[in-house]
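Trainee: Handing you a structure now.
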Amino acid sequence: MRCFGLILAGGQALRMGGVAKPLIAVGGAPILEHVVRRLAPQCVRLALNANGDPERYAAFHLPIVPDEVEGFAGPLAGVLAGLDHVAAHFPDVPLVLSVPADTPFIPQDLAQRLASARAEAKAEIAVAKSGDRVHHAVALWPVALREELRHALVKEDLRKVSGFIERHASTLVEWPDAPYDPFFNVNRPEDVDLAERIAASLEAQRS
């Protein structure tokens, strides 16, 4: 299974006062470093969907893929940018795995489990779930859907990730949300403290 990893960092981070969430330190390293470390072994290559000054992320040596749809159109615009990037530069890679850039604990079996479930269900899109929450931005997308996605974004002004997924055959893949949620994301300042505690717990298990 060949998939391309797309890290979504195109939002405005309004609840964090506009601070670039992927650069917030957790466990002694930027959140983005945790994401890259977990995602890279699962994918043929990675890219970062980000808007604004790309120099903020220069230290990570990732291709920066900005939204093509103007006006901060949400995660779907980031997914479209990623699909277009892969179609242009990696035509032999059929799938894109998207994850938000503020999720430092994504599972290390994410790509494998999503791909297996997608094939077994004969679905177009596989989506992650933990507990009672569906994480629509954590999904495995076929590059072949990019023109449909472009039409939905540009012509229909569709913004909800779930709204686009509902139009296609999809399957959910569930992970346990205890002792911690692997899709926990740092959205608010108080989330940083919880992320630090999870990181410390994981480090203690490795020691």
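The values are calculated or read from the model by the stated rules, or taken from the named source; none is laboratory data. Keep in mind it's a predicted model, so treat the numbers as computed, not measured. Glycine also receives a Cβ, built like all others from the backbone with ideal geometry; neighbour counts cover every protein chain displayed. Just so you know, the surface numbers come from the protein's heavy atoms only, side chains and all, with ligands and any DNA or RNA stripped out. Shrake-Rupley method; radii C 1.70, N 1.55, O 1.52, S 1.80 Å.
Trainee: Surrounded by 18 or more Cβ atoms within 10 Å (Cβ to Cβ) and without any contact (Cβ under 8 Å) to a residue 24 or more places away in the chain, is that true of ASP157?
Mentor: no
Trainee: Now, a different point. Exactly one of (1) out of contact with any Leu (no Cβ under 6 Å at 6 or more places or on another chain); (2) in a loop (DSSP other than H, G, I, E, B); (3) surrounded by fewer than 24 Cβ atoms within 10 Å (Cβ to Cβ) is unmet by VAL69. Its number?
Mentor: (1) is the only condition that VAL69 fails.
Trainee: Here is a check on your reading of the model: is SER98 modelled with pLDDT of 95 or more and surrounded by fewer than 21 Cβ atoms within 10 Å (Cβ to Cβ)?
Mentor: Spelling it out, it is not the case that SER98 is modelled with pLDDT of 95 or more and surrounded by fewer than 21 Cβ atoms within 10 Å (Cβ to Cβ).
Trainee: What number of residues in the stretch 134-145 are open to solvent by 50 Å² or more (accessible area, probe 1.4 Å) and within 18 Å of GLY10 (Cα to Cα)?
Mentor: Within the stretch 134-145, residues that are open to solvent by 50 Å² or more (accessible area, probe 1.4 Å) and within 18 Å of GLY10 (Cα to Cα) number 1.
Trainee: Scan the stretch 41-62 and report the pairs whose first residue is among the polar types (S, T, N, Q) and whose second residue is assigned to a helix (DSSP H, G or I) and open to solvent by less than 50 Å² (accessible area, probe 1.4 Å), with Cβ atoms within less than 6 Å and a gap of 6+ or a chain change.
Mentor: These pairs meet every condition: GLN42/ALA111; ASN49/GLY78; ASN49/ALA81; ASN49/GLY82.
Trainee: Considering the stretch 44-98 alone, what residues qualify as being more than 17 Å from the chain's Cα centre (by Cα), closer than 16 Å to LEU8 by Cβ and hydrophobic (A, V, I, L, M, F, W, C)?
Mentor: Across the stretch 44-98, the qualifying residue is only VAL69.
Trainee: Which of the residues belonging to the stretch 160-177 are out of contact with any Lys or Arg (no Cβ under 8 Å at 6 or more places or on another chain) and either at pLDDT below 95 or farther than 14 Å from PRO107 by Cβ (or both)?
Mentor: Of everything in the stretch 160-177, those that are out of contact with any Lys or Arg (no Cβ under 8 Å at 6 or more places or on another chain) and either at pLDDT below 95 or farther than 14 Å from PRO107 by Cβ (or both) turn out to be LYS160, VAL161, SER162, GLY163, PHE164, ILE165, GLU166, ARG167, HIS168, SER170.
Trainee: Determine, yes or no, whether ALA47 is assigned to a loop (DSSP other than H, G, I, E, B), buried (at least 18 other Cβ atoms within 10 Å of the Cβ) and touching a helix residue (DSSP H, G or I) at 6+ places or on another chain (Cβ under 8 Å).
Mentor: No: the conditions fail for ALA47.
Trainee: Out of the stretch 119-129, which residues are farther than 13 Å from TRP175 by Cβ and touching a Pro at 6+ places or on another chain (Cβ under 9 Å)? Break it down stepwise before answering.
Mentor: Within the stretch 119-129, the first condition is being farther than 13 Å from TRP175 by Cβ, and the residues that meet it are 119-125.
Across the stretch 119-129, the qualifying residues are GLU124, ILE125.
A quick yes/no check of all residues on (1) crowded, with 21+ Cβ neighbours inside 10 Å; (2) at pLDDT 95 or above:
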site: GLY17; (1), (2): no, no
site: LYS21; (1), (2): yes, no
site: PRO41; (1), (2): no, yes
site: ASN51; (1), (2): no, no
site: PRO63; (1), (2): no, yes
